[in-house]
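Enquirer: Handing you this structure, nothing more for now.
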Number of protein chains: 2
Amino acid sequence: MKFSINATDDKSKARAGTLITDHGSITTPIFMPVGTAGSVKAVHQRELHDDIHAQIILGNTYHLFLRPGLEIIEKAGGIHKFNGWDKPILTDSGGYQVYSLAEKRKIKEEGVKFQSHIDGTRYDFSPERVMDIQRIIGADIMMAFDECTPYPCDFAYAKSSMELTHRWLDRCIARFDNTPAHYGYHQTLFPIVQGSTYSDLRKQSAEYIASKNRDGNAIGGLSVGEPVEDMYAMTELVCDILPEDKPRYLMGVGTPANILESIKLGVDMFDCVMPTRNARNGMLFTSEGIINIKNEKWKDDFSPIDPTTNHYVDNFYSKAYLRHLIISKEILGAQIASIHNLSFYLWLVNEAREHIKGGDFAPWANVMIKKVSQRL
Amino acid sequence: MKFSINATDDKSKARAGTLITDHGSITTPIFMPVGTAGSVKAVHQRELHDDIHAQIILGNTYHLFLRPGLEIIEKAGGIHKFNGWDKPILTDSGGYQVYSLAEKRKIKEEGVKFQSHIDGTRYDFSPERVMDIQRIIGADIMMAFDECTPYPCDFAYAKSSMELTHRWLDRCIARFDNTPAHYGYHQTLFPIVQGSTYSDLRKQSAEYIASKNRDGNAIGGLSVGEPVEDMYAMTELVCDILPEDKPRYLMGVGTPANILESIKLGVDMFDCVMPTRNARNGMLFTSEGIINIKNEKWKDDFSPIDPTTNHYVDNFYSKAYLRHLIISKEILGAQIASIHNLSFYLWLVNEAREHIKGGDFAPWANVMIKKVSQRL
């Protein structure tokens with residue numbers, strides 16, 4: 001995997017880059033739609049390509065491991081063959097889901113024991129096992145197996161958890177470096193910085209992760225309930241330590257404003273369930289601000305969902321029709337809102353990129369952050 | 001509205017025709033996807049056009065009246081403007097839903113009083129009101145307000161209900177003929193034959209409906225639980241009485257085999273929720289037979305959903321992937337299965353048409369009926 005910086009902003013730490021994988025190249029900053037079980041919810045693969053202009057999507061290792069399971073994915077020839085998405089795919093390590101979804105989980109030095117939230121079956125995840133699983137899933141970018149601490153988290157726990165994450169990282173790297181890619185194309189491994197909201201832990205973790213010199217680096221354990229100022233402070237601290245010539249991925253973030261603020265701090269890659277999950281509840285992110293389409297005020301507004309972004313669903317369907325569908329719990333409502341929100345997120349990061357290249361990113365971002373944060 | 005017969009089959013009563021409306025022409029036999037609340041569930045309008053090749057869709061008057069309501073539809077400029085479907089739309093009269101969904105309904109000579117299943121609000125539907133409502137919705141084809149008898153139904157009730165339906169029809173016609181189309185394009189009214197499974201009532205009703213000389217005629221009150229032989233017997237009896245030069249619409253039917261059998265009897269138009277509702281539960285209708293995609297046997301079958309029909313979703317997605325999505329309750333599973341089933345239904349009626357024109361409909365249909373009925 002190769003990463004190159006195409007432009008940098010001189011009033012912030014924002015950068016525009018290009019990441020090249022065997023499934024195609026990705027321009028950064030980039031937002032990665034979440035395809036938990038091998039499908040971005042309510043969106044066809046064709047729509048991801050043609051309407052949303054997604055360049056890379058996520059899969060969740062925990063979900064894919066449980067269903068359809070490794071045997072099926074392997075028989076299919078990997079996740080890309082299985083779901084028909086032929087551009088890059090990143091998988092998380094499954095750690096976050098084990099902690100948030102699975103039952104009766106037990107974390108030990110060796111790894112994690114847990115029971116499936118679907119049928120209670122017992123499984124073990126270890127750093128080595130998670131590398132093997134992601135090899136079989138066939139992600140272009142694999143994530144290290146870490147522990148994501150909750151917020152708030154006391155210093156002692158945050159420290160020992162970070163140290164465990166570092167020891168697990170070494171085991172991940174050893175396993176990864178000693179196993180071949182499974183389907184002929186190159187796979188890479190990103191380590192994850194932890195350390196909760198403690199600056200000294202974050203510094204220590206970022207330095208440790210940077211020292212591993214992998215193709216890219218991730219920042220985990222943020223956007224888990226901490227004040228947004230803490231998230232930005234930790235992100236800035238970590239970005240300043242992580243190598244400049246490698247992509248930086250801020251996991252699970254966030255709102256459009258969070259993304260623009262974090263781009264300013266030097267983040268290149270983002271993922272979040274917010275645009276799709278909130279879409280299904282009728283929350284729309286637009287270039288003019290946030291819309292709760294269930295509000296009475298939209299009932300006879302026949303204007304496009306977003307007048308600026310000019311996507312298919314925005315112009316074809318009106319706010320009033322989308323409101324009717326969401327209120328009536330029609331599946332098409334979830335479909336339209338999901339395509340809209342993802343299109344908007346991809347439009348936003350691409351605009352950010354163009355403004356970084358154009359030299360006016362910081363003033364543009366400051367105006368946009370206000371616009372995209374307001375409630376319409 | 002103009003209907004012309006393009007070809008007839010000499011071994012059955014099947015015909016191929018063309019129905020011309022102000023929103024475009026419809027080739028028959030035709031299947032009409034059901035868009036209850038102004039949306040064919042889980043399907044984009046673009047997919048209805050480009051993938052499914054739908055020529056006309058249904059809307060349910062009862063649902064549209066309750067949500068979004070007439071005020072919104074009228075402000076939008078009618079249902080076509082509201083949902084963006086610019087081809088023909090047929091609306092039912094709302095009668096069937098009042099009997100099956102609404103609460104505390106009371107049928108009197110004047111009309112029906114009922115409470116909304118959504119919030120309990122009380123409403124009155126009368127033949128005149130239902131004409132006014134469908135004028136405002138803006139359907140190209142409006143349906144008469146009838147009473148659809150349940151099955152079984154004793155003779156006395158079936159007879160008095162049929163007579164009520166006939167008196168209501170006269171009131172529908174009087175109202176329809178004395179009110180203008182609402183949005184500049186032509187609307188037409190189809191009366192409905194009732195009479196349960198009693199041949200003499202069906203004969204009497206068909207003769208009454210035929211005497212009204214409307215642009216098209218419908219057969220109601222079938223596919224409500226009666227033996228399939230009774231459904232075919234009643235359909236045949238009624239088709240033989242209804243005018244040959246007008247389209248015949250068999251309401252709420254049915255399986256692919258039901259449709260082919262009924263085309264043989266002279267039916268031109270069909271609608272049914274089966275292809276979409278069953279899709280959401282993982283039942284696929286294919287040119288080779290019926291698939292329950294949840295079955296274990298499909299878990300590692302990476303072949304196309306239907307090798308014959310050659311639609312986008314059939315070739316892009318595999319059976320194994322679709323099975324995974326349906327089992328995981330992913331919305332995309334409902335989307336793929338719905339597009340597939342509707343594409344198959346539209347493919348089937350178009351094949352029927354081609355075989356009627358080609359002169360080999362009856363033998364083709366006999367082979368197909370066996371194929372499409374078998375469980376794979």
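The values are calculated or read from the model by the stated rules, or taken from the named source; none is laboratory data. Just so it is clear, the structure is predicted and the values come from calculations on it, not from any experiment. When we count neighbours, we look across all protein chains shown, and the Cβ atoms used for this are built from the backbone with ideal geometry, even at glycine. Remember, those area values only see protein heavy atoms, side chains included, never the ligands or the DNA or RNA. Shrake-Rupley method; radii C 1.70, N 1.55, O 1.52, S 1.80 Å.
Enquirer: Among B:Ala206, B:Ala218, B:Ala233, which is of a type in the set (A, V, I, L, M, F, W, C) and in contact (Cβ under 8 Å) with a residue 60 or more places away in the chain?
Expert: B:Ala218
Enquirer: Just name the residue that is nearest to the other protein chains (Cβ to nearest Cβ) out of those in region B:39-57 that are among the β-branched types (Val, Ile, Thr) and under 14 Å from the mean Cα position of the chain (by Cα).
Expert: Top of the filtered list is B:Val40.
Enquirer: Follow-up. Answer yes if at least one residue in region A:154-161 is farther than 23 Å from A:His80 by Cα, of a type in the set (A, V, I, L, M, F, W, C) and touching a Phe, Trp or Tyr at 6+ places or on another chain (Cβ under 8 Å), and no otherwise.
Expert: Yes; the residues of region A:154-161 include at least one that is farther than 23 Å from A:His80 by Cα, of a type in the set (A, V, I, L, M, F, W, C) and touching a Phe, Trp or Tyr at 6+ places or on another chain (Cβ under 8 Å).
Enquirer: Considering region A:253-269 alone, what residues qualify as being of a type in the set (Gly, Ala, Ser) and surrounded by 23 or more Cβ atoms within 10 Å (Cβ to Cβ)?
Expert: A:Ser262
Enquirer: Determine, yes or no, whether B:Thr36 is open to solvent by 10 Å² or more (accessible area, probe 1.4 Å), more than 21 Å from B:His311 (Cα to Cα), of a type in the set (Ser, Thr, Tyr) and within 14 Å of chain A (Cβ to nearest Cβ).
Expert: Judged against the criteria, B:Thr36 is a match.
Enquirer: Return yes or no: is A:Ala210 open to solvent by less than 60 Å² (accessible area, probe 1.4 Å), part of a strand (DSSP E or B), under 28 Å from A:Glu244 (Cβ atoms) and touching a Pro at 6+ places or on another chain (Cβ under 9 Å)?
Expert: The answer is no for A:Ala210.
Enquirer: Evaluate region A:224-243: report whether one residue or more is open to solvent by 10 Å² or more (accessible area, probe 1.4 Å) and under 15 Å from the mean Cα position of the chain (by Cα).
Expert: Yes, region A:224-243 has at least one match.
Enquirer: Right, next: I'd like to verify a number: residues in region B:176-207 that are among the hydroxyl-bearing types (Ser, Thr, Tyr), touching a Cys at 6+ places or on another chain (Cβ under 9 Å) and open to solvent by less than 10 Å² (accessible area, probe 1.4 Å), how many?
Expert: Residues that pass the stated criteria total 1.
Enquirer: Checking B:Asn60 against (1) buried (at least 21 other Cβ atoms within 10 Å of the Cβ); (2) at the interface with chain A (Cβ under 8 Å from one of its Cβ atoms): exactly one of these is not met. Which one?
Expert: B:Asn60 satisfies every listed condition except (2).
Enquirer: On the basis of being touching a strand residue (DSSP E or B) at 6+ places or on another chain (Cβ under 9 Å) and farther than 21 Å from B:Lys41 by Cα, does A:Ile369 make the cut?
Expert: no
Enquirer: Taking A:Thr149, is it among the polar types (S, T, N, Q) and in a loop (DSSP other than H, G, I, E, B)? Break it down stepwise before answering.
Expert: Values: among the polar types (S, T, N, Q): yes; in a loop (DSSP other than H, G, I, E, B): yes.
Here the answer is yes, as A:Thr149 does meet what is asked.
Enquirer: For region B:317-333, which positions are of a type outside the set (D, E, K, R) and either at pLDDT below 95 or surrounded by 23 or more Cβ atoms within 10 Å (Cβ to Cβ) (or both)? Break it down into steps so the answer makes sense when it comes.
Expert: First, the residues of region B:317-333 that are of a type outside the set (D, E, K, R): B:317-318, B:320-322, B:324-328, B:331-333.
B:Tyr317, B:Tyr321, B:Leu322, B:His324, B:Leu325, B:Ile326, B:Leu332, B:Gly333 - these are the residues of region B:317-333 that are of a type outside the set (D, E, K, R) and either at pLDDT below 95 or surrounded by 23 or more Cβ atoms within 10 Å (Cβ to Cβ) (or both).
Enquirer: With the requirement that a residue be closer than 15 Å to A:Gln134 by Cα and of a type in the set (A, V, I, L, M, F, W, C), what does region A:146-191 give you?
Expert: Passing the criteria: A:Leu169, A:Cys172, A:Ile173, A:Ala174, A:Phe176, A:Ala181, A:Leu189, A:Phe190.
Enquirer: Another question, then. Just checking, does region A:162-170 include any residue being closer than 22 Å to A:His63 by Cβ and either in a loop (DSSP other than H, G, I, E, B) or open to solvent by less than 10 Å² (accessible area, probe 1.4 Å) (or both)? Before the answer, list the steps.
Expert: Pass one, region A:162-170, residues closer than 22 Å to A:His63 by Cβ: A:165, A:168.
Narrowing the set further to residues that are either in a loop (DSSP other than H, G, I, E, B) or open to solvent by less than 10 Å² (accessible area, probe 1.4 Å) (or both) leaves A:165, A:168.
Checked against the condition, which is being closer than 22 Å to A:His63 by Cβ and either in a loop (DSSP other than H, G, I, E, B) or open to solvent by less than 10 Å² (accessible area, probe 1.4 Å) (or both), region A:162-170 yields at least one hit.
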